[in-house]
Amino acid sequence: MRALVVANPAATTTSRGVRDRVLTTLTDELQVELAETTHRGHGSELARKACADGVDVVLALGGDGTVNEVVNGLLHDGPGGHVPPLAVVPGGSTNVFSRALGRSRDPLAATREVLDSLRAGRTRRISLGTASVRGASTAPARLSDPVLAQAAADAGAAAHPGWSEPRWFAFSAGLGFDADVIGRVEAHRARGFRSTGLLYVVEATSAFVLGRERRDPAISAHLPGSPPLDGLFLCLVSNVSPWTYLGAHAVNPTPDATFDSGLDVFALGRTGVLRMLHHVREVFAARPDVRGDGVHRWHDLDELTLTARRPQGWQLDGDHLGTATGLRVRNVPSALTVVA
């Protein structure tokens, strides 16, 4: 069986020694080719070529950003029989997608799990999401390479003036507060700081207490057949549960989200400090159930459009991608085969 390993050498926990041990384990049973990413969007290019070359399985070794690029490359021409299964070995700081597939947090243990699944032929089809933006402040290179015109057609998305080509996301999309926090953390990482749970907590607290958005919410949610819901400052779109992690602790505002259903959404309107503390406590609970004034939740959506009166940060799979005044997401059932 031919396997392409797409590895991100800059991933948080993927040292060269870890990478070499993972490769040694894989080569005991697979015909392995290693391709290391060298620039943004490179993972998409490599995965797209793997489809053309008839590779049997593509394995992403890295964090959620690496997984996102590989997914976009595999599905460049839309879902279909030409797309090899995706396997994942965690190498980032959070690894939401890998955990959602039930993989161990230890890369070597996860590699052995992948091999066990390949021997047994354990795969599954999972739903994914596509996202388009309007009024983007920039056009990142990551958006320009994996053009998803065919995927948009497969998702039932007609071309619409002013909206970007859709891009795949594996587990999360967002407009507003969450993207702003991610942007703050990424700015620290660019200055050499490690991405830690504490750093996210500090930046989230600062953005909430000192920021403008929760006092003057600018986002509106548009669901098909319903009037717009105005006055939101945070809107999380999830394809898995938990939504993310702080270290070993699950952050779970959308506990019903699953790869086997549509998209789940958690949104907040104008919220005070004390109420926000209550919501935070709930999303960390063993059985999370966030409710109350200003809380809005939707389960199993096919599509959702968010618009904003002023530019907002937006993110896909934990990567801040700039600002936009609109985000349109759609669910694509059975979009990708993964090694389960």
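Just so it is clear, none of the values below were taken in a lab; they were calculated from the coordinates. Not measured: the values here are computed from a predicted model. A quick note on method: Cβ atoms are made from the backbone with ideal geometry, for glycine too, and the neighbour counts reach across all protein chains shown.
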Which FRET efficiency value, to the nearest 0.05, is calculated for residue 56 and residue 248 with the Förster distance at 22 angstrom and r the Cβ-Cβ distance? 0.05
Per residue, how much space in cubic angstrom lies within the convex hull of the C-alpha atoms of the chain? 124
The chain, helix-only ellipticity at 222 nm - DSSP H runs n ≥ 4, -39,500 (n - 2.57), divided by all residues, nearest 500: -9000 deg cm²/dmol
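Just want the ordering: 216, 178, from fewest to most Cβ atoms lying within 10 Å of their own Cβ.
If I rank by nearby Cβ atoms, fewest first, I get 216, 178.
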What is the distance in Å between the Cα centres of region 262-321 and region 207-233? 10
Residue 56 neighbourhood, Cβ < 15 Å, K/R = +1, D/E = -1, net charge +1
Stretch residue 137-residue 302 to full length: gain in nm at 0.36 nm per residue minus the Cα-Cα span? 56.7 nm
Estimate the FRET efficiency between residue 293 and residue 191 by the formula 1/(1 + (r/R0)^6), using the beta-carbon distance for r and 41 Å for R0, to the nearest 0.05. 0.60
Highest average packing first - 31-37, 329-335, Cβ atoms within 10 Å: 329-335, 31-37
Testing the spin-label approximation: label points 7 Å from Cα along Cα→Cβ at residue 278 and residue 39. State their distance in nm. 5.2
Going highest first, how would you order 287-299, 304-316 by mean Cβ packing within 10 Å? 304-316, 287-299
What residues of region 305-324 lie in the reach of a label at residue 212, counting those whose backbone N is under 18 Å from a point 7 Å from the Cα along Cα→Cβ? 307-314, 322-324
Apply the Karplus curve 6.51 cos²θ - 1.76 cosθ + 1.60, θ = phi - 60°, to the phi angles in region 314-324 and return the couplings in whole Hz, x for Gly and Pro. 9, 9, 10, 6, x, 10, 6, 10, x, 10, 7
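State the extension gain, in nm to one decimal, for the chain segment bounded by residue 15 and residue 27, taking 0.36 nm per residue of separation less the distance between their alpha-carbons.
Working: separation 12, 0.36 × 12 = 4.32 nm, distance 1.84 nm.
Full extension of this stretch gives 2.5 nm more.
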antiparallel share of DSSP beta bridges within the chain, to nearest 5, in %, is 75
If I take all pairs of Cα atoms in region 1-95, what percentage of them are more than 22 Å from each other? 20
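I want to verify the translational diffusion coefficient of region 207-340 in µm²/s; compute it with Stokes-Einstein, Rh as the Kirkwood radius over Cα pairs, at 25 °C and 0.890 mPa s.
Details: Rh = 15.7 Å.
Answer, rounded: 156 µm²/s.
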Overall form of region 183-266 per C-alpha gyration tensor (a/c, 1.5; a/b vs b/c): oblate
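Compute the FRET efficiency between residue 309 and residue 226 as 1/(1 + (r/R0)^6), taking r as their Cβ-Cβ distance and R0 = 25 Å, and round to the nearest 0.05.
E(calc), rounded to 0.05, equals 0.80.
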Arrange 1, 276 by Cβ neighbour counts within 10 Å, fewest through most, would you? 1, 276
